[in-house]
Every structure is written in structure tokens, then in C-alpha cells.
Amino acid sequence: MSWSERSVRYHKQQTDCAIHHAYARLEGDAAAAGTFHELLLCVRDRAVGLLEAPVLTGNHPGVEALIHLARFGSAHIRPMGDWAGSVSSWRPAVASLAHYLICKYHVPAFLASSWYAAQDAFADTTRGWFVAHAGGASFRSLELPIAMTRKMEHIFLASFDHLSIEHAMRRAELLALDVPAEFVQAILSSRLATDLSHGVFWRTVWFFLIANAGAIDPAQIGPMIDFIQAIRHQRVMVETADGSVEMDPPQPAFSVKGRTAQSMLRLIQNWHRSLGVGGPGISWTPSTLRPMLLEEPSPDPSIPPKRWQMMELTNSAQLQAEGVALHHCVASYAVQCRWGTSRIWSLRCGRGEKVHHVLTIEIDPKRRAIVQVRGRANRGASGKPLRLLQDWAGRERLQLAL
């Protein structure tokens, strides 16, 4: 049996397993289970590409879409039996089916990603947005995590098909506020590209950036966001006699109001220096992603080969060492790594015993996406390191959400 035949057979087994679990999940909802069964038969007959979606960490996005479309059966306005089907790949097929079943009015294709979004409370909210907008409600009138103006709504609804709903919303907000282009790119390369919590507060930060655009280097945007997030919104780990205890953020009332760019940069520098000093040692289990090791032979046999290594950082000491080596604040991500909401990897290059830290990579496990890449002093990735990162991301089926 060829490799391609084994791959097809393995995917079919994964799809069958996902379908089996879908019936189990819907067991307590007879109406949804019946609708799922009808949708599955319809798709198998008219849109087989939908079931060819890649299965990542046990999640089959095509089957997930059918589960959620079945759960929202009360929103269907057309009989599924009359759907013409789709010969497209799985994403367009999901969009076609969702639009046919639910849309009275046109809905941008990227909003269909709500149907295969990860299982969490916010994902169900985005599905509700799809239904409401498809029924004629203006998007800005919905209950959104960030206030949306008419201009933001216009930009948002014209978003590229490949963007996630959260990313498109943040991008529309920044563009509509006329945040400088280089700042927009920096913000969309940070955790706030998809984290829409604390929307009212972060808008005050965007206004601060606009007002101080001439005094802030775009390379400082990422560290500024990390600093504010750490002191205002992120719970911290404190060592006590009873062990490590999670405490509230150190400055939950922090505000940028009345501050200058220079005073903010001083605060960031002081905080950055403090990250390499002491602190409780915490660790977490590694992810299922595979490391990478690549050797480049030297033309001179007496010189050791150059070795490129992609490795995961699994404790706070490693994060601190990485931050010191590359002069950035990755040490502040320890709690997120322990909670499993973030994974940090390091690309290093060495010859013999000399090893140089090259890139720090943040991965969002839920989205299976690389959301931040930082080199020395928060520089971006380019050249050979970027190509290696792209190769590794392709091998591990990671989205480059940069």
C-alpha cells in the first residue's frame, strides 16, 4: 500500500471516529441529532470535500460544522434537500451550506468560520452573530466584545476570507481609528489580534498610540502590550509557604491616561529587567508538536556542521533565559503556558558548543496557529530563520497567523 493510500485510509478512520463522537455528543438532543444525520447524508452525496477537512488534535472541522449547524436547526430557513451542493474544498463547502440553510441576506464568507470554531462559549456567540446578521441585523448592533462604529463595520464586512472573526474585528477597529499602519501590523502580530477582552480599556491604548505615534518605535508595541497585559489583566504566580499560588494582577486599575510615551517606555524597560530576576519556578507538560533538528554540513570537514534546532520551552527558567538572550519579555508568558493557553518555542542555531538564540515563537494551541514571532529586541523573522519556521509550521500543520 502506497503512502497516499495509507493517508487516505487513516483520514477516513479519523472522520468515522469524529462522526461517531458527534452522535454521542448530540445524544441528549433528538432534534439536533436527527438534523445532523440528514446533513451528513446530504454532504456525503453532494459535498464530499467538506468531509475531507484535515483532522487536527482529534478535531474534524467539517464534522464540527455539521454538529453546530444541526444545533442551530431552528435558524434554518430552507430545506437541506434542495441544496445544490458544492464541489469546492471544505471551507467553501461549509460556507455554501451555512449560507443556503440560514442566510436571508448576504453574509461575508469569513463569518462562516464560526461554524467550525473551537468549542467554547465565545464560539457559540459568533454563531449567534452569523444567524442574526444573516437575518438582517446590522453587525454593529449586535452584542460585541468591542464597540463597533459604522466605519468599522464597513471594513469588517469586507475582510479577507481567510481571517478569523476575531482577527477581522480587531483589524477593522484599528484601521477605522486610523492607527498608523506599522502599529496596526505590530498589534495584529500580538496576542491582541484575537483576544478581544477588555475592549473599552484597549481602545484607550489605541488612542494613546495615535497621539504619540512620532515618539514610539513600532518594535515597542509588542512589549508595551505584554507589559500592560501582565500588570493589568494577567494573574500572577506567587511563592508562599504552601507552594505556588495564583494571585490577582498587580495593577488592575492601570491606565495610560496622563502618561507620556517616555514614561511608558521607562515602565516597560524596568518591568523587562525585573523578569530576569528570581520568581517562582513553574513548569508545564510539553505539547504534542514535534521538535526539529537540521544540520548543514560545513565545506571544511574540520569545522562542525551548523545545527538549527526548534525546541519547546517548558518551564519559567527557560522562558527567562530566552528573554535575556533575545532582549524581550517572553518570561511574562509563564502563567499562560501553565494554563495551556499559550505555547512557546525557540529556534536556535549553533556550531559545536556555541548556540545562538534566533527566534521566539508563540503558538495558540486552540487555533493551532503561530501568533507571534520575535527575534532579538523584538525584531521580526526573515531569511533562513523565516523559511525554517515556515517549513516547520507546514510539517506540524500550524497556521501562520501573522
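The values are calculated or read from the model by the stated rules, or taken from the named source; none is laboratory data. Everything quoted here is computed from the prediction, not taken from an experiment. Positions of Cβ are generated from backbone atoms using ideal geometry, with glycine treated the same way; all protein chains shown enter the neighbour counts.
Look at residue 357 and say whether it is in contact with a helix residue (DSSP H, G or I) (Cβ under 6 Å, 6 or more places away or on another chain), surrounded by fewer than 16 Cβ atoms within 10 Å (Cβ to Cβ) and either aromatic (Phe, Trp, Tyr) or within 27 Å of residue 188 (Cβ to Cβ) (or both).
no
Restricting the range 188-220 to residues that are over 21 Å from residue 122 (Cα atoms) and in contact with a Lys or Arg (Cβ under 8 Å, 6 or more places away or on another chain), which is surrounded by the most Cβ atoms within 10 Å (Cβ to Cβ)?
Out of the qualifying residues, it is 208.
Filter the range 62-83 for residues that are assigned to a helix (DSSP H, G or I) and either within 13 Å of residue 100 (Cα to Cα) or touching a Lys or Arg at 6+ places or on another chain (Cβ under 8 Å) (or both) and give the result.
If the condition is that a residue be assigned to a helix (DSSP H, G or I) and either within 13 Å of residue 100 (Cα to Cα) or touching a Lys or Arg at 6+ places or on another chain (Cβ under 8 Å) (or both), then 67, 68, 69, 73, 75, 80, 81, 82 are the ones that fit.
When you go through (1) without any contact (Cβ under 8 Å) to a residue 12 or more places away in the chain; (2) touching a strand residue (DSSP E or B) at 6+ places or on another chain (Cβ under 7 Å) one by one for residue 191, which number turns out not to apply?
All conditions pass for residue 191, except number (1).
For the range 182-215, name all the residues that are over 21 Å from the mean Cα position of the chain (by Cα) and over 16 Å from residue 147 (Cβ atoms).
208, 209, 210, 211, 212, 213, 214, 215
Pairs, please: C-beta under 7 Å, at least 6 apart or cross-chain, first residue over 23 Å from residue 87 (Cβ atoms) and in the range 29-58, second crowded, with 17+ Cβ neighbours inside 10 Å and aliphatic (A, V, I, L, M)?
From the range 29-58, the pairs are 32/26; 32/70; 33/26; 35/70.
Looking at residue 375, is it more than 16 Å from the chain's Cα centre (by Cα), crowded, with 19+ Cβ neighbours inside 10 Å and touching a residue at least 40 places away in the same chain (Cβ under 8 Å)?
yes
Being among the basic types (Lys, Arg) and over 20 Å from the mean Cα position of the chain (by Cα) is true for just one of 343, 348, 338. Which residue is that?
348
Evaluate the following for residue 87: is it in a loop (DSSP other than H, G, I, E, B), touching a helix residue (DSSP H, G or I) at 6+ places or on another chain (Cβ under 9 Å) and surrounded by 14 or more Cβ atoms within 10 Å (Cβ to Cβ)?
No; evaluated as a whole, the condition is false for this residue.
Restricting attention to the range 1-25, and to residues there that are among the aliphatic types (A, V, I, L, M), part of a helix (DSSP H, G or I) and over 27 Å from the mean Cα position of the chain (by Cα), which single residue is modelled with the highest pLDDT?
So the residue we want is 24.
Report yes if residue 120 is in contact (Cβ under 8 Å) with a residue 60 or more places away in the chain and of a type in the set (D, E, K, R), otherwise no.
yes
Looking only at helices (runs of 4 or more DSSP H) that lie completely in the range 163-228, which have at least 3 residues being charged (D, E, K, R) and not assigned by TED's automatic domain parsing to the domain that holds residue 324?
165-176
Does residue 374 qualify as being closer than 21 Å to residue 286 by Cα and among the charged types (D, E, K, R)?
Spelling it out, residue 374 is indeed closer than 21 Å to residue 286 by Cα and among the charged types (D, E, K, R).
Among the residues of the range 109-143, which ones are outside any helix (DSSP H, G or I) and crowded, with 19+ Cβ neighbours inside 10 Å?
Selection gives 117 alone.
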